[in-house]
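The structure appears below as structure tokens.
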Amino acid sequence: MADVTIKPEKFAQTVGEILKEHRDLTDKALHTAVDRTAKETVSTTKRGAPVKTGRYKKGWNSQKTTDNGRGGYGRTVYKRK
């Protein structure tokens, strides 16, 4: 991290900007990890599913279920009807 000189009257604003940047990076990493995990789970489930007609196996998917903008993000793996 670079050394930065901050005037006292700009301290709160600068710290806020740094924290926002950190939050954005953390959110991006969280989204990537959740998406990758959901994709791997769907793939593993399909691979292990019984294949009589193939319909059950093909029916697995995931969808975004939570994204409240405050760090909450989730995906649900489900079987389509």
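Number of residues in the range 42-58 that are more than 23 Å from HIS31 (Cβ to Cβ) and open to solvent by 70 Å² or more (accessible area, probe 1.4 Å): the value is 8. Could you grab the pairs with beta carbons closer than 8 Å, sequence gap of 6+ or different chains, first residue in the range 59-81 and open to solvent by 50 Å² or more (accessible area, probe 1.4 Å), second one among the basic types (Lys, Arg) and not in a strand (DSSP E or B)? What qualifies is ASN61/ARG80. Does LEU30 satisfy being at pLDDT 90 or above, on the phi < 0 side of the Ramachandran plot and surrounded by fewer than 13 Cβ atoms within 10 Å (Cβ to Cβ)? Answer is no for this residue. With respect to THR14, determine if the residue is open to solvent by 80 Å² or more (accessible area, probe 1.4 Å) and of a type in the set (Ser, Thr, Tyr). Spelling it out, it is not the case that THR14 is open to solvent by 80 Å² or more (accessible area, probe 1.4 Å) and of a type in the set (Ser, Thr, Tyr).
Please specify each residue of the range 1-16 satisfying the condition of being farther than 17 Å from GLY71 by Cα and either of a type outside the set (A, V, I, L, M, F, W, C) or not in a helix (DSSP H, G or I) (or both). Spell out the reasoning first.
Applying the first criterion (farther than 17 Å from GLY71 by Cα) to the range 1-16 yields 1-15.
Hits for the range 1-16 are MET1, ALA2, ASP3, VAL4, THR5, ILE6, LYS7, PRO8, GLU9, LYS10, GLN13, THR14.
Under the condition of being under 14 Å from the mean Cα position of the chain (by Cα), part of a helix (DSSP H, G or I) and among the hydrophobic types (A, V, I, L, M, F, W, C), the residues counted in the range 32-81 number 3.
The values are calculated or read from the model by the stated rules, or taken from the named source; none is laboratory data. Computed from a predicted model, the values in this text were never measured in an experiment. Virtual Cβ from ideal backbone geometry, glycine too; neighbours counted across all protein chains shown. Ligands, DNA and RNA are excluded from the accessible area calculation, which covers all protein heavy atoms including side chains. Shrake-Rupley method; radii C 1.70, N 1.55, O 1.52, S 1.80 Å.
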